[in-house]
Amino acid sequence: MSMVSSSSSLPVFPHDTKPNSNLPRHTATFHPSIWGDYFLSYDSTFHEDDSDVKQVTLLKEYVRTMIVCPVDNNFLFKLNIINSVQRLGISYHFEHEIDEALHQIYEISTKE
């Protein structure tokens, strides 16, 4: 029985040559963006206002209270809040609170 070597689908070129190196490259012609140059500009005069910082602080505390509120056998509500916070990508603000809430849910659910 003879051994048949299967050929690779990758082309093999000598080390000093490049395939089709003399041919021009095709460039893509995309339609202009519907946003134009809106997101390319940067407004260096924008500053966060004290009211913005206060509002962020208040909202963070509101979310924190929703996470640390007593479970009261309403696991689904608490887990939905934790899931939403994690999907929004802001769970790093509430790592300790989320760990405590999940621990409480585990403790209550294993007692029953």
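Specify the inter-centroid distance of the range 84-112 and the range 23-54, based on alpha-carbon positions, in whole Å.
37 Å
Tell me the net charge near H103. Cut-off is 14 Å between Cβ atoms, H103 excluded, with +1 for each Lys or Arg and -1 for each Asp or Glu.
Overall, the nearby charge balance is -3.
A short reminder: the numbers here are calculations on the coordinates, not readings from a lab. Since the model is a prediction, treat every value here as computed from it, not as a measurement. Cβ atoms come from the backbone with ideal geometry, glycine included; neighbour counts cover every protein chain shown.
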